[in-house]
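Note sheet for the following structure.
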Amino acid sequence: MNDVIRTITNADREAVVALMREFYATPYVSTNGSDEIFYADVDACLSDSPYVEGYVFESDGEICGYAMLAKSYSTEFGKRCIWIEDIYIQDDFRGRGFGSRFIEQVSRTYPNALLRLEVEEENERAIGVYKNAGFDFLPYLEMKKHT
């Protein structure tokens with residue numbers, strides 16, 4: 001098997017949007033998303049935006065997952081913050097190490113950054129991967145406001 005993690009390209013746009021539709025329809029995402037948002041996210045990854053990066057997970061040339069990172073600064077921790085916003089791997093390709101390898105890749109790319117992510121309590125498999133990668137839970141709730 002030839003498994004690869006690489007940056008999203010223009011040729012991947014429709015495949016990534018299709019994966020986003022799958023991911024946002026699972027019980028592991030608390031919002032529904034929309035095609036408008038999905039295309040905006042992918043287009044931001046394809047642009048020269050300094051805030052977002054996109055990746056695809058590929059097995060023998062077939063795109064089987066994707067991930068997106070958002071970049072910010074954490075005043076709470078006094079360093080750059082890399083949010084793993086989305087990480088999704090199709091069922092048939094889970095358990096092959098894509099998630100762990102991606103987290104290792106992000107850690108190497110941003111060695112002095114704080115890595116953050118959100119995970120639903122029910123997503124025990126993902127929680128296990130994240131704990132094995134060194135993540136732990138923060139003791140507070142997150143809030144949001146749309147403007």
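The values are calculated or read from the model by the stated rules, or taken from the named source; none is laboratory data. This is a predicted model, so every value here is computed, not measured. Cβ atoms come from the backbone with ideal geometry, glycine included; neighbour counts cover every protein chain shown. Surface accessibility is based on the protein's heavy atoms, side chains included, excluding ligands, DNA and RNA. Shrake-Rupley method; radii C 1.70, N 1.55, O 1.52, S 1.80 Å.
Do we find a residue being open to solvent by less than 40 Å² (accessible area, probe 1.4 Å) and either of a type in the set (Lys, Arg) or within 18 Å of residue 26 (Cα to Cα) (or both) anywhere in region 57-65? Within region 57-65, one or more residues are open to solvent by less than 40 Å² (accessible area, probe 1.4 Å) and either of a type in the set (Lys, Arg) or within 18 Å of residue 26 (Cα to Cα) (or both).
Residue count for region 133-147, restricted to those that are within 16 Å of residue 84 (Cα to Cα) and modelled with pLDDT of 85 or more: 6.
Could you list, in sequence order, all residues of region 126-147 that are part of a loop (DSSP other than H, G, I, E, B) and either within 16 Å of the chain's Cα centre (by Cα) or within 18 Å of residue 29 (Cβ to Cβ) (or both)?
Here is the first cut: in region 126-147, the ones part of a loop (DSSP other than H, G, I, E, B) are 133-147.
If the condition is that a residue be part of a loop (DSSP other than H, G, I, E, B) and either within 16 Å of the chain's Cα centre (by Cα) or within 18 Å of residue 29 (Cβ to Cβ) (or both), then 133, 135, 141, 142, 143, 144, 146 are the ones that fit.
One residue stands out among those in region 90-147 that are touching a strand residue (DSSP E or B) at 6+ places or on another chain (Cβ under 9 Å) and polar (S, T, N, Q): the one that is most open to solvent (accessible area, probe 1.4 Å), which is 112. Residues in region 1-56 that are of a type in the set (Ser, Thr, Tyr) and assigned to a strand (DSSP E or B) were compared, and the one that is least open to solvent (accessible area, probe 1.4 Å) is 55.
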